[in-house]
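No lab work stands behind these numbers, since they all come straight from the coordinates. Values in this document were obtained by computation on a predicted structure and should not be read as measured data. Every residue, glycine among them, receives a Cβ derived from its backbone with ideal geometry; neighbour counts consider all protein chains shown.
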């Protein structure tokens with residue numbers, strides 16, 4: 001199995017808890033014989049790296065240097081994420097099985113790659129805009145919510161880390177509950193459950209190809 005992880009933070013760039021979570025996820029996938037690629041952002045450490053065992057990390061920077069908000073930053077950065085992921089797919093002879101998008105930032109790239117290259121993706125919810133900016137309905141907030149909604153709609157599966165987040169995702173975005181998998185990072189079966197979810201997408205993709 002070949003998997004690309006999308007994350008806007010990854011060590012040494014640490015914004016919150018997500019960076020360390022994605023690092024541990026990548027390590028555990030590699031230990032379970034998953035060919036693992038990480039596509040992430042850094043403002044000056046760019047290019048391909050192999051600093052973790054059996055994990056290739058690709059860091060991109062934003063070609064546009066001045067932004068009025070995180071929204072314009074994210075949307076322009078997605079072009080680079082998409083380009084690098086497409087190159088990885090071509091290098092592996094179109095054998096990338098799935099993309100796991102951590103949080104909302106790189107959902108547009110994942111949707112484009114799904115449509116253009118038939119790569120299914122999982123949306124792993126870290127947080128939701130409704131909680132980060134409770135009750136805010138400005139055009140800025142609604143634009144981010146629309147990206148989150150797009151992720152819930154286009155993803156083959158959604159992973160959340162708690163039952164509360166599952167219920168909130170259902171409530172806010174009207175997602176069918178059976179599309180969402182609750183996988184707590186604190187669970188003893190965490191990586192086993194992640195791999196089982198990945199295999200569902202692997203079977204779907206290879207069945208459609210055959």
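What to note about this one:
- Separation of alpha-carbon centers, region 143-195 and region 81-102, rounded to whole Å: 22 Å
- Scattering profile of region 96-158 at q = 0.13, 0.26 Å⁻¹ [log10 I(q)/I(0), Debye over alpha-carbon scatterers]: -0.34, -1.04
- Distance (nanometres) between label positions extended 7 Å along Cα→Cβ at residue 127 and residue 142: 2.3 nm
- Divide the volume of the convex hull around the Cα atoms of the chain by the residue count and you get 121 Å³ per residue.
- Backbone N within region 4-34 under 18 Å of label point (7 Å from residue 48 Cα along the Cβ vector): 4-6
- Remark on region 115-195: ratio of C-alpha radius of gyration to 2.2 N^0.38 Å is 1.16.
- Across region 49-150, Cα-Cα distances exceeding 16 Å account for 63% of all pairs.
- Mean ellipticity per residue at 222 nm, deg cm²/dmol - from DSSP H runs of n ≥ 4 across the chain, formula -39500 (n - 2.57): -15000 deg cm²/dmol
- Note on residue 204 and residue 177: the extension gain reaches 7.8 nm, defined as 0.36 nm multiplied by sequence separation minus the Cα-Cα distance.
- Label-point gap, in nm, between residue 79 and residue 92 - each point 7 angstrom along Cα→Cβ: 2.6 nm
- Residue-span extension gain [residue 116 to residue 193] - 0.36 nm each, minus C-alpha spacing: 24.9 nm
- Rg/Rh for region 1-114 (Cα atoms only, Rh after Kirkwood) is 0.94.
- Rg ratio (alpha-carbon, reference 2.2 N^0.38 Å) - region 159-208: 1.27
- Order of 168, 196 under a 10 Å beta carbon neighbour criterion, fewest first: 196, 168
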